[in-house]
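Working notes, beginning with the structure itself.
The values are calculated or read from the model by the stated rules, or taken from the named source; none is laboratory data. Remember, it's a predicted structure, so these values are computed and weren't measured experimentally. Ideal geometry is used to build each Cβ from the backbone, glycine not excepted, and the neighbour counts take in all protein chains shown. With ligands, DNA and RNA removed, areas are computed over all heavy atoms of the protein, side chains included. Shrake-Rupley method; radii C 1.70, N 1.55, O 1.52, S 1.80 Å.
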Amino acid sequence: MAVTSVPRAPFTSPLAEELAEGLLERFTRYARVSTQSDREGTESPSSARQLDLSRLLVGELEQIGLTDVVLDDDGYVYATLPATTPAAPGGAPWPVVGLIAHVDTSPDAPGEGVEPLVHRAYGGGTITLPKHDTVLDPERMPELSARVGHDLVTSSGDTLLGADDKAGVAEIVTALAHLAAHPELPRPTLRVSFTPDEEIGRGAHRFDVAGFGAVCAYTVDGSEPGELQDETFTAAEAIVTIEGHDVHPGFATGKLVNASRLAARIVAALPPDLTPEATSGRDGFIHVYETTATAARAEIRAIVRDFDDDLLAQHADLLRSIVAEVAADEPRATLTVEITPQYPNMREHIARFPAVVTAAERAIAGEGLTVVRTAIRGGTDGSQLSAMGLPTPNVFTGGHEYHSVREWASLQEMAAASATVVRIAEAWTADDLVAAAAAGHLPG
């Protein structure tokens, strides 16, 4: 059991402390709305339940005072918080800056019936959640041991929490509400979007970059405080389909072609050092996340990841060669490999516009945090959006252990993220960044 007789951890700033309780209410309310995306869904959004939260957000943004609030036919929410003055001092036009988070949650863990629990002033030690004997153990989660005194939010143990990315959604809405209520605070025009289907790699597929009209944007979809990420994996999905020949096992001699055994051979042949659990840093991997198999038919689903496009291609070729070897050994079976690009590394697309990163660095430092530049061993909507002409780095949320029933978030860190969003708006009123946008050193 966690001990609670410790002082409550301080907030990073008075602004963060001011935002905290309203942010907590929003986040726990959003977390209760089931929004899992569906890998098999063919529409946008892939699951209709995502629209439940999107419609709720439309109403809240309108109530806050944003304009141009729409939920489009593909499930994207768009809205505008206008600048408080028509032009910047000196007459230059304000840049339009975007803020983005995704409403869907991962299909990798149960997401229906989320019950957020708030653990005030975490005292250290294990936290035993009330369902499924789920335990948060700092010995296995070093990040948890560093949050003594923090107000932690978890699920009840049988579902994910949904901090990925409802923490980001709540942080943006809370920041917008604060800015709208304080017109004396400097800000450019802000465009906001809440997207569907990020967790299945489709979050930006139908995003209206031209209609969004921003020179840059920020996804609020990271984890550790101070994180600023402008590099992601390049990603592809691989689907291996095996058609065997099923026969009654009593009469199978020389006739049965068991697709499930062929699938097992393919998975076993993948290098054990090319898996997520065996790699770190800038190493790529092939991750088999689902296998369905009968004697007649089998399907292997995998994701292929690397920071280097050439290495990604090598991983894909390796999978193809393993499948080809198995097919050659059993010509009576039909084996196919379909590899589909999912998102690109955002690095080269953002590097051409250093002002975008500079603004975020100033905002994070202004909140009293150390800027932590990391490459994401995954992707965000910003991966595709950056390639589509909208440079979009990623900032932190304060959520941890994503995609699992052990997911948790720190209120102190979430409040720091929301305050950082407020400070990003302020950063874009600086003369040098306004001038960079006006001089065409940014797209749009």
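If the requirement is being out of contact with any Gly (no Cβ under 8 Å at 6 or more places or on another chain), within 30 Å of Glu299 (Cα to Cα) and acidic (Asp, Glu), which of these qualifies: Glu243, Glu231, Glu237, Glu227?
Values: Glu231 fails: within 30 Å of Glu299 (Cα to Cα); Glu237 fails: out of contact with any Gly (no Cβ under 8 Å at 6 or more places or on another chain); Glu227 fails: within 30 Å of Glu299 (Cα to Cα).
Of the residues listed, the single one that is out of contact with any Gly (no Cβ under 8 Å at 6 or more places or on another chain), within 30 Å of Glu299 (Cα to Cα) and acidic (Asp, Glu) is Glu243.
Exactly one of (1) open to solvent by 10 Å² or more (accessible area, probe 1.4 Å); (2) under 17 Å from the mean Cα position of the chain (by Cα); (3) of a type in the set (Gly, Ala, Ser) is unmet by Gly440. Its number?
Just one mismatch for Gly440, condition (2).
Testing Pro272 on (1) in a strand (DSSP E or B); (2) open to solvent by 30 Å² or more (accessible area, probe 1.4 Å); (3) more than 21 Å from Ala328 (Cβ to Cβ), one condition comes back false. Which one is that?
(1)
Could you grab me the full set of residues in segment 13-46 that are closer than 16 Å to Leu152 by Cα, open to solvent by 60 Å² or more (accessible area, probe 1.4 Å) and touching a residue at least 24 places away in the same chain (Cβ under 8 Å)?
Answer for segment 13-46, where residues must be closer than 16 Å to Leu152 by Cα, open to solvent by 60 Å² or more (accessible area, probe 1.4 Å) and touching a residue at least 24 places away in the same chain (Cβ under 8 Å): just Glu17.
For segment 1-40, enumerate the residues that are at pLDDT below 95 and under 30 Å from Asp73 (Cβ atoms).
Arg39, Glu40 - these are the residues of segment 1-40 that are at pLDDT below 95 and under 30 Å from Asp73 (Cβ atoms).
Please name all residue pairs, on different chains or six or more residues apart, with Cβ atoms under 7 Å, provided the first residue is in segment 258-269 and is open to solvent by less than 10 Å² (accessible area, probe 1.4 Å) and the second residue is part of a helix (DSSP H, G or I).
Going by the 7 Å Cβ cut-off, the qualifying pairs are Ile266/Ile322; Ile266/Val323; Ile266/Val326.
Restricting to segment 283-305, and then to whatever is part of a loop (DSSP other than H, G, I, E, B) and over 24 Å from the mean Cα position of the chain (by Cα), can you tell me which residue is nearest to Thr374 (Cα to Cα)?
Going through the qualifying residues, I end up with Thr294.
With the condition kept exactly as written, say whether any residue in segment 77-91 is closer than 27 Å to Ser37 by Cα, of a type outside the set (Val, Ile, Thr) and in contact with a Gly (Cβ under 9 Å, 6 or more places away or on another chain).
Yes, segment 77-91 contains at least one residue that is closer than 27 Å to Ser37 by Cα, of a type outside the set (Val, Ile, Thr) and in contact with a Gly (Cβ under 9 Å, 6 or more places away or on another chain).
Tell me which helices (runs of 4 or more DSSP H) are completely within segment 306-379 and hold 2 or more residues being farther than 23 Å from Val215 by Cα and out of contact with any Cys (no Cβ under 8 Å at 6 or more places or on another chain), or say none if there are none.
Numbers: elements: 309-329, 347-351, 354-366.
Ranges flagged: 309-329.
Would you pick out the residues in segment 321-351 that are more than 28 Å from Asp197 (Cα to Cα) and surrounded by fewer than 17 Cβ atoms within 10 Å (Cβ to Cβ)?
Correct list: Ser321, Ala324, Glu325, Ala328, Asp329, Pro331, Arg332, Thr334.
In segment 67-78, is there at least one residue being of a type in the set (A, V, I, L, M), modelled with pLDDT of 95 or more, out of contact with any strand residue (DSSP E or B) (no Cβ under 8 Å at 6 or more places or on another chain) and more than 30 Å from Ala355 (Cβ to Cβ)?
no
Quick check on this structure: which one of Ala109, Ala214, Ala170 is within 22 Å of Ser410 (Cα to Cα), touching a residue at least 40 places away in the same chain (Cβ under 8 Å) and crowded, with 24+ Cβ neighbours inside 10 Å?
Ala170
One residue is enough: does segment 87-99 have a residue meeting the conditions crowded, with 18+ Cβ neighbours inside 10 Å and either free of Cβ contacts under 8 Å to residues at least 24 places away in the same chain or basic (Lys, Arg) (or both)?
No; the residues of segment 87-99 include none that is crowded, with 18+ Cβ neighbours inside 10 Å and either free of Cβ contacts under 8 Å to residues at least 24 places away in the same chain or basic (Lys, Arg) (or both).
Results for (1) touching a residue at least 12 places away in the same chain (Cβ under 8 Å); (2) in contact with a Leu (Cβ under 8 Å, 6 or more places away or on another chain); (3) crowded, with 18+ Cβ neighbours inside 10 Å; (4) among the aliphatic types (A, V, I, L, M), shown as yes or no for each residue.
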| residue | (1), (2), (3), (4) |
| --- | --- |
| Ala355 | yes, yes, yes, yes |
| Thr358 | yes, yes, no, no |
| Ala365 | no, no, no, yes |
| Gly368 | yes, no, no, no |
| Val372 | yes, yes, no, yes |
| Gly379 | yes, no, yes, no |
| Gln384 | yes, no, yes, no |
| Thr397 | yes, no, yes, no |
| Val405 | yes, yes, yes, yes |
